[in-house]
Structures are given as C-alpha cells and as structure tokens.
Amino acid sequence: EAGVTQFPSHSVIEKGQTVTLRCDPISGHDNLYWYRRVMGKEIKFLLHFVKESKQDESGMPNNRFLAERTGGTYSTLKVQPAELEDSGVYFCASSQVLAGGETQYFGPGTRLLVL
Amino acid sequence: AQSVTQPDIHITVSEGASLELRCNYSYGATPYLFWYVQSPGQGLQLLLKYFSGDTLVQGIKGFEAEFKRSQSSFNLRKPSVHWSDAAEYFCAVARQNAGNMLTFGGGTRLMVKP
C-alpha cells in the first residue's frame, strides 16, 4: 500500500511569489493534517481536514495560507505571497479512526526555501 | 494547552551502547503518546505509540518506550545502538479523542560514534 506522498520534495521561490504544495494521503484515510517545521523550531500543527471539510485550522499562521482538499482526496496548501519566514519543511499526515486510537502517518515533507 | 519537552537537543553515543531519550509532557489527562524518527533526507516514521494498557511498549527497530504517569514521561530506549540509528527523534502527544492534532517536542538529534 502506498504511503503518504507529497509534491514537490523541494521548492525554492522568491519572496512575493506563490507556491502550491500537494499531499496525497493513504487511500481510505479520512483525516488529513498539515504541519510545518521552521528552522530550529518544533513541528507545529497547521490544520486538519476530515474528508473535504476543515475540522480545525487554528494553526494556520495568517491569511496568506490557503488549504483545500478536493473531494476529500488529495490536499493542496498554497502560500500567496510567500515571505521569508515561510521557509521550512511542510509535512502532511493522514489517518483513519480505528477503535482504540488514531495513528497519523507522515509523508516525506516539502522543503520550502523563500529567498 | 498541552506541551512536550525533550530536554536533550543533541545526544552522542557509541555504537553498541545503550540509549535513552527523554520526553516529558504537560497535559490534564493521559494523552496518546508517540515517538517518531526522521532520518536524514527522509520523512517522519512512527517508531511506537501508547494508547492504553501495558505501559511498556515495543516498537520497530528494537526500540521501546515506557509510559510513567506519575512522572508525565514517555522515554524512549534501545539496549544497543546501531550506526543507522543516527537521526532526529520526536516525541508527540495527542488528546484521547479521534481526529486531534499532534503536539511535538523540539526533537533530539542522535549521533552515533563508531
């Protein structure tokens, strides 16, 4: 079974440009999460989808970030316009709810560098 | 708000030596507890998890962790470290309800000396 995939693996853009990150969750996983790790900091939650609905977006830093999940399948995270402080690694995770607990499985991340 | 502390930012051990990585959490109730590992150039891989029951949990790659409620700790251990264990290790917690975000510690970077 394929794991969580993310595209691109790396992105280098200039300040003010737009970047769109994509995440394909494990098939059948209703829950999809985005996290971010900026340099030297902890991995921080950004938002959570259940199918196509945003369940919790309390971690989104500002309105330059827009996340969507088309038809409850893959998700995109757009940053527009990108700022220097947006540089970091963006992780996607997915899970399905099972009796006894939930385990999130992570993708390899997208390394974003804003110059 | 829940928080996770990994007191050791860097740890260096010799190959074959034992390892213990510390994790303490702050939360009003017993959360779900996880350890993830990130090898160079890789994503986060789940090592092990604690939901309930036996407080000593076994994971992949020979790792184990012990949940100690009285100490709010979930330390990761391995009896004999291999050079391939060099990586960054993250402790994480989540509320005991479905569909909740993970709160991560700052990570511990492990280096292994030959």
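The values are calculated or read from the model by the stated rules, or taken from the named source; none is laboratory data. Bear in mind that the values here come from a model prediction, so they are computed numbers and not experimental data. Here Cβ is always computed from backbone atoms with ideal geometry, including for glycine, and neighbour counts include all displayed protein chains. All accessible areas refer to the heavy atoms of the entire protein, side chains included, with ligands and DNA or RNA removed. Shrake-Rupley method; radii C 1.70, N 1.55, O 1.52, S 1.80 Å.
Please compute the Kirkwood hydrodynamic radius over chain B, one decimal place, Å, based on all pairs of different Cα atoms. Can you show the working numbers first?
Values: mean 1/r = 0.0706 Å⁻¹.
With all distinct Cα pairs of chain B included, I get 14.2 Å.
Would you please give the residues with an amide H less than 5 Å from that of B:C23, counting only those at least 5 places away or on a separate chain, with H modeled from the backbone geometry?
Those lying under 5 Å, H to H, from B:C23 are B:F74, B:N75, B:L76.
Determine the shielding of peptide B:41-51 by partner chains: average, over its residues, the number of Cβ atoms on other chains within 10 angstrom of each Cβ.
Details: counts 4, 3, 14, 13, 4, 5, 0, 0, 4, 1, 5.
Mean partner-chain Cβ count within 10 Å for B:41-51: 5.
Using the heavy atoms of the protein chains and a 1.4 angstrom probe, tell me the accessible area per residue for chain A in square angstrom.
On the way: 5710 Å² over 115 residues.
On a per-residue basis, chain A sits at 50 Å².
In nm, to one decimal, how far is the modelled label at B:I11 from the one at A:T20, with both set 7 Å along Cα→Cβ?
4.3
Got a sec? What order do A:E83, B:E20 fall in by accessible area at 1.4 Å, biggest, i.e. largest, first? Display every interim value, and only then the final one.
Numbers: A:E83 45, B:E20 90 Å².
Per-residue accessible area, sorted high to low, gives B:E20, A:E83.
Rounded to the nearest 10 Å², what accessible area does A:R64 show when all protein chains are kept and the probe is 1.4 Å?
Roll a 1.4 Å probe over it and A:R64 shows about 40 Å².
Could you check which residue among B:K78, B:K49, B:K61 shows the biggest mean-square fluctuation in a GNM of chain B with a 10 Å Cα cutoff?
Result: B:K61 has the largest fluctuation of those listed.
Would you give the gap between the C-alpha center of the stretch A:43-112 and the C-alpha center of the stretch B:24-56, rounded to a whole Å?
The stretch A:43-112 and the stretch B:24-56 have Cα centres separated by 19 Å.
So how exposed is A:R69, as accessible area in Å² (1.4 Å probe, rounded to 10)?
Estimated to the nearest 10 Å², A:R69 gives 10 Å².
For q = 0.11, 0.15 Å⁻¹, what log10 I(q)/I(0) does the protein assembly as shown give under the Debye formula with an equal point scatterer on each alpha carbon and no solvent?
For the protein assembly as shown at q = 0.11, 0.15 Å⁻¹, log10 I(q)/I(0) is -0.55, -1.01.
Order B:S52, A:S53, B:S70 by their accessible area, 1.4 angstrom probe, all chains in place, largest first.
Details: B:S52 85, A:S53 60, B:S70 110 Å².
Correct descending sequence by accessible area is B:S70, B:S52, A:S53.
With a 1.4 Å probe and every protein chain left in place, tell me how much accessible area A:M60 has, in Å² to the nearest 10.
30
In terms of solvent-accessible area of protein heavy atoms at a 1.4 angstrom probe, what is the ranking of B:T30, A:T110, highest value first?
Largest to smallest exposure gives the sequence B:T30, A:T110.
List the residues of the stretch B:75-114 whose backbone N lies under 19 Å from a point placed 7 Å from the Cα of A:S53 along the Cα-to-Cβ direction.
Of the residues in the stretch B:75-114, B:97-101 have backbone N under 19 Å from the label point off A:S53.
Give the relative contact order (percent, whole number) for chain B; include only Cα pairs under 8 Å separated by 6+ residues. Please list the in-between numbers first.
Details: 277 pairs, mean separation 42.4, N = 114.
The value is 37 percent.
With 15 Å as the cut-off, how large is the P(r) tail for the stretch A:5-97, expressed as percent of Cα-Cα pairs?
Details: 2440 of 4278 pairs.
It works out to 57 percent of all Cα pairs.
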